[in-house]
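Report on one structure; see the data block that follows.
Just so it is clear, none of the values below were taken in a lab; they were calculated from the coordinates. Fair warning: this is a prediction, and the values are worked out from it, not measured in the lab. Cβ atoms come from the backbone with ideal geometry, glycine included; neighbour counts cover every protein chain shown.
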Ligand code: NDP
Ligand code: OXD
């Protein structure tokens with residue numbers, strides 16, 4: 001059985017933890033970090049494990065046996081869309097899922113429990129209780145109820161929030177209602193006080209969340225103006241419309257982890273809103289030890305002539 005070389009192309013990430021984790025878990029396989037260990041990959045069969053790597057890594061004379069994303073999203077692997085014969089895998093892992101559940105639960109509670117207002121009171125040494133309604137009076141709508149969105153929906157439901165999802169296809173296997181497709185979007189938005197996006201970046205989702213979406217959300221006695229959480233991809237949101245919606249108080253607050261351009265430029269007006277919390281794309285980090293374990297299991301499958309798990313269809317975009 002031929003062992004595959006493993007080429008790790010971690011793009012802007014610190015390569016060292018990835019080199020260490022692969023060297024620890026890859027057995028006898030040859031591990032190379034690209035481009036640090038040289039740009040040319042040689043003629044031995046290999047796989048590429050990539051995070052936002054420069055596309056020229058995919059332009060070698062010999063093609064990879066498979067390409068793995070080092071995260072859940074595969075939008076950065078679009079250069080491979082015209083090579084459907086190369087299998088592409090992504091990370092689906094309880095560790096990554098639980099990190100996203102933590103982040104989204106925190107963000108929804110931060111908005112629902114009016115923590116921003118209490119932070120402002122504290123900075124002025126003011127004791128200022130606000131009406132604090134129960135979670136059951138707030139409806140959370142999650143756009144994208146795949147692996148991450150479904151887990152977040154269940155966690156929020158267990159806290160008492162009214163939860164609904166929106167996806168591309170109809171679902172009947174969830175303990176919360178799922179609205180599907182453009183035809184059910186308005187119905188979904190009309191019942192949503194806190195909108196959470198966990199959508200991937202695809203041609204169909206790009207710029208989907210715009211002013212018309214924000215205006216269609218429901219005001220509630222509990223929360224006032226609706227709020228927005230984005231931990232999916234910045235490209236799914238019209239950032240200009242988001243800024244306008246915050247300025248016009250169509251939205252009452254937001255927690256944002258992902259942006260059209262990352263790092264978020266220092267002159268972005270989003271930094272200035274007192275009712276917006278910004279985090280630097282850290283909602284669900286990939287832990288090298290965990291991710292590498294899943295990739296090595298897939299490499300073993302390839303070496304045994306089997307297909308990979310968590311394969312994605314890049315023509316669908318996610
Ligand atoms: P999945 O592929 O499991 O789920 C994607 C969901 O989005 C599905 O419910 C899918 O619908 C829905 N969807 C896709 N396209 C459309 C569309 N055009 N209209 C309506 N719904 C659509 O992905 P994950 O849950 O694992 O991850 C979601 C995203 O989260 C990733 O793609 C990544 O971009 C982001 N992410 C962000 C992180 C961070 O740190 N901020 C960390 C990890 C991931 P259907 O169910 O019908 O297929
Ligand atoms: C991912 C991410 O897609 O970190 O895993 O954004």
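Between region 39-64 and region 299-318, how far is it from one alpha carbon centroid to the other, in angstrom? Cα centroid to Cα centroid, the span is 17 Å. Counting only DSSP H runs of at least 4 residues, each contributing -39500 (n - 2.57), and dividing by the residue count of the chain, the helix-based mean residue ellipticity at 222 nm comes to -8500 deg cm²/dmol.
What share of Cα pairs, in percent, lie more than 18 angstrom apart in region 122-278? Roughly 58 percent, once rounded to a whole number.
If Rh is defined by the Kirkwood formula over all Cα pairs and Rg also comes from Cα, what ratio Rg/Rh do you get for the chain? Reported Rg/Rh (Cα atoms, Kirkwood Rh): 1.02. Taking all Cα pairs closer than 8 Å and separated by 6 or more residues, the relative contact order of the chain comes to 18 percent.
Taking every C-alpha pair closer than 8 Å and separated by at least 6 residues, the mean separation divided by the residue count of region 84-166 gives a relative contact order of 32 percent. Over region 148-229, the fraction of Cα-Cα pairs per 10 Å bin, rounded to whole percents and listed from the shortest bin up, is 17, 53, 29, 2. For the pair residue 287 and residue 184, the difference between a 0.36 nm per residue extended length and the Cα-Cα distance amounts to 33.4 nm. Using a simple spin-label model with pseudo-atoms 7 Å out from Cα toward Cβ, residue 81 and residue 204 lie 1.3 nm apart.
The mean sequence separation of alpha-carbon pairs under 8 Å and at least six residues apart, normalised by the residue count of region 30-87, gives a relative contact order of 33 percent.
Between residue 98 and residue 123, the simple label model (points 7 Å from Cα in the Cβ direction) yields a spacing of 3.4 nm.
For region 250-318, the Cα-based Rg and Dmax, in that order, read 18.9, 55 Å.
Taking the longest Cα principal axis of the chain as reference, the axis of helix 94-112 is set at about 20 degrees.
Between the beta carbons of residue 274 and residue 106, assuming R0 = 22 Å, the FRET efficiency works out to 0.70 to the nearest 0.05.
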